[in-house]
1. For the chain, with equal point scatterers placed on the C-alpha atoms only and solvent neglected, what are the log10 I(q)/I(0) values from the Debye formula at q = 0.13 1/Å, to two decimals?
2. Only counting other Cβ atoms within 10 Å, I'd like 100, 159, 124 sorted with the fewest neighbours first.
3. Order of 127, 147, 174, 152 from fewest to most other C-beta atoms within 10 Å?
4. Could you grab the relative contact order for segment 8-182? Cα pairs under 8 Å, six or more apart, rounded to a whole percent.
5. Compute the normalised compactness of segment 6-108: alpha-carbon radius of gyration over 2.2 N^0.38 Å, N being the residue count.
6. Calculate for the chain the 222 nm mean residue ellipticity that helices alone would give, adding -39,500 (n - 2.57) per DSSP H run of length 4 or more and normalising by residue count, nearest 500 deg cm²/dmol.
7. Need one number for segment 83-188: average projected area of the convex hull over its C-alpha atoms, nm².
8. Antiparallel as a % of all DSSP beta bridges within segment 8-182, to the nearest 5?
């Protein structure tokens, strides 16, 4: 993780069809800020990666032990989400320029979540993804601080990204409520060493 945020993020949507014919998504549970379950993601330029495609493939391997066969860019958007790395004063606007990819992996690929960066991972159905998003939305409307978000709900920025990807449908009112969560700073910015667990 960089000393300062590089202002870019890559995300990877990994899907498969289960034995009963349902579409499933690879989800990991973050070990630190931001809180929640999420698709794989990371900074796009924190290790001088040549391209965002290379960066997302590295994240797939690092976070979930997945070898990417094909990466197709599906969404590019700037969002004001704050991560655990402090933003640099050079940013015109805090947040991240997101580049999200559909990632193809082997049909029999196993999830091997990183034991330090995650609290585990699993395949979830589209219905379960919607339930996780609904939990985040309900929490957002309580007005409680972002660092109290339930750890098994969907990471706030992924509510917005999954809406843009078409995996869930979220009203403008709910999107605005969730935006408050993902634009909130962490309780403490990471400045070296291992970040503290988010619970």
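Please treat every number below as a calculation from the coordinates, not as lab data. Remember, predicted model here, so these are calculated numbers, not experimental data. Note that we place each Cβ from the backbone using ideal geometry, even for glycine, and neighbour counts take in every protein chain shown.
1. The calculated log intensity ratios at q = 0.13 Å⁻¹ are -0.65.
2. On the way: 100 25, 159 28, 124 17.
Result, fewest neighbours first: 124, 100, 159.
3. Details: 127 9, 147 16, 174 20, 152 13.
With the fewest neighbours first, 127, 147, 174, 152 line up as 127, 152, 147, 174.
4. Working: 341 pairs, mean separation 48.0, N = 175.
Relative contact order for segment 8-182 comes out at 27 percent.
5. Numbers: Rg = 14.2 Å, N = 103, 2.2 N^0.38 = 12.8 Å.
Relative to the rule-of-thumb radius for its length, segment 6-108 sits at 1.11.
6. On the way: 4 runs with 49 residues, N = 199.
It comes out at -7500 deg cm²/dmol, rounded to the nearest 500.
7. Details: hull surface 33.3 nm².
So the Cα hull casts an average projection of 8.3 nm².
8. Values: 24 of 32 bridges.
So the antiparallel bridges amount to about 75 percent of the total.
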